[in-house]
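What follows is a single structure, written as structure tokens, with notes after it.
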Amino acid sequence: MGIMHYVALAITAFFMAAGCWSASAANDTSPKILQRWSGAQDGRESFATLVVDDAKGWEQFWQEIGRDPPQAFDSSQMTALIVFLGQRRTGGYSVEIVEVLHSGEYLRVEYTEQTPGPDRRVTQVITAPWTVILLPRISTPVHFVRSVSGIENR
């Protein structure tokens, strides 16, 4: 093989790498999750989603679930997103925020509910799963989207 073949391969590799980098950088519109917490107890009786953007709301959330805030809340630097699943009749349930990304004029927050399998042993106690994430401060509207087995429900 001649030198021109290696030059052509090098140029092709360069442009492929540059194209992959720029495409992934352009498509990466997800804000960085700074921290996350979740629990199976002490949540609300009914389903709810919340956007908390002040210290008072942060304190109220942790007071509602009967815990001390794990860290101070700087409203000029962060926003908290919260999902309460509501009460469930047994253990084995949980909720997780799986994706956060800018989608046009709003922030799209996708969460999933994990349910116990039909043959799984679970505790016979009422649970109320919840999850919260901290993001860098956002000012766009937030849309929470439930994802179940690849089907989206609002």
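No lab work stands behind these numbers, since they all come straight from the coordinates. For clarity, every value in this text was computed on a predicted model and none was experimentally measured. Cβ sites come from the backbone with ideal geometry, for glycine too, and all protein chains shown count toward neighbours.
If the chain linking Gln77 and Arg137 were pulled fully straight, counting 0.36 nm for each residue of separation and taking away their Cα-Cα distance, it would gain 21.1 nm. Charge tally for Trp130 (other residues, Cβ to Cβ under 12 Å; Lys, Arg +1; Asp, Glu -1): -1. When the GluC sites (Glu not before Pro) in the range 78-126 are filtered for DSSP coil states and for at most 16 other beta-carbon atoms within 10 Å of their beta-carbon, the remaining sites are Glu105. Evaluating kT/(6 pi eta Rh) at 20 °C and 1.002 mPa s, with the Kirkwood radius of the range 31-153 over Cα pairs in the Stokes-Einstein relation, gives 142 µm² s⁻¹.
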